[in-house]
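Inspection log for the structure reproduced underneath, given as structure tokens.
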Amino acid sequence: MTGKQRKLLLLGVALLLFAALKAGLIFWYLHNKPAEPAARMLSCDVAGGACALPGGGALRFSARPAHGLPFEARLDGVMLEAAPTADFTMPGMDMGFNRYTFIRDGDGWKARVILPMCVSGSRDWQVELRLGKEAYRLPFSVR
């Protein structure tokens with residue numbers, strides 16, 4: 001074996017060891033990362049008006065939600081460093097990825113939301129609101 005072949009062999013072995021180490025670290029991270037807190041179910045009709053949140057603050061929609069029509073989700077009275085998010089899902093049905101990140105708006109937060117059409121005709125939705133370490137799930141219906 002020549003010197004050049006030996007260098008290439010050592011480089012190949014080093015690259016394989018690096019790839020194995022990287023795969024092991026990714027596997028470890030995916031199986032040991034901290035779980036997100038489970039969302040607390042709230043029982044208010046967020047589509048019908050403001051919904052009071054535990055610890056203060058309120059979530060409200062600017063209009064009664066309808067499939068395919070934009071509306072504004074607004075959070076008031078919530079003091080956070082990081083922007084809150086809202087995941088809109090339909091129980092028992094995959095409606096794709098519908099996560100919205102709120103942006104600051106004066107003293108509150110707002111997000112412009114458009115819900116996709118459901119081919120089954122279902123009108124039942126839920127929003128999972130993430131406020132830092134807290135999470136809340138609120139069911140609602142569209143018109």
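The values are calculated or read from the model by the stated rules, or taken from the named source; none is laboratory data. Predicted model only: the values in this text are computed from it and were never measured. Virtual Cβ from ideal backbone geometry, glycine too; neighbours counted across all protein chains shown. Note: areas computed on protein heavy atoms with side chains; ligands, DNA, RNA excluded. Shrake-Rupley method; radii C 1.70, N 1.55, O 1.52, S 1.80 Å.
Assorted remarks:
- Cys residues of the chain that find no other Cys beta carbon under 4.7 Å: CYS118.
- For the chain, the per residue solvent-accessible surface stands at 66 Å², with DNA, RNA and ligands left out and a 1.4 Å probe.
- Cut-off under 5 Å, modelled amide H: who pairs with MET95 long-range: MET90
- For region 58-109: Kirkwood Rh in Å [reciprocal of mean 1/r, alpha carbons]: 12.5
- At the residue level, LYS22 shows approximately 110 square angstrom of accessible surface with a 1.4 angstrom probe and all protein chains present.
- Rounded to the nearest 20 debye, dipole of the chain from Cβ charges on Lys, Arg, Asp, Glu: 740
- Debye-formula intensities of region 1-56, expressed as log10 I(q)/I(0) at q = 0.16, 0.17, 0.22, 0.30 Å⁻¹, are -0.73, -0.76, -0.90, -1.11 (one equal scatterer per alpha-carbon, no solvent).
- The angle between the Cα long axis of helix 3-32 and the main principal axis of the chain comes to about 30°, on a 0 to 90 degree scale.
- Bridgeable aspartates and glutamates around LYS33 (alpha carbons under 20 Å apart, same-chain partners fewer than 8 residues away excluded): GLU134.
- Distribution of pairwise C-alpha distances over region 77-143, 5 Å bins, in %: 4, 15, 26, 24, 15, 10, 5, 1
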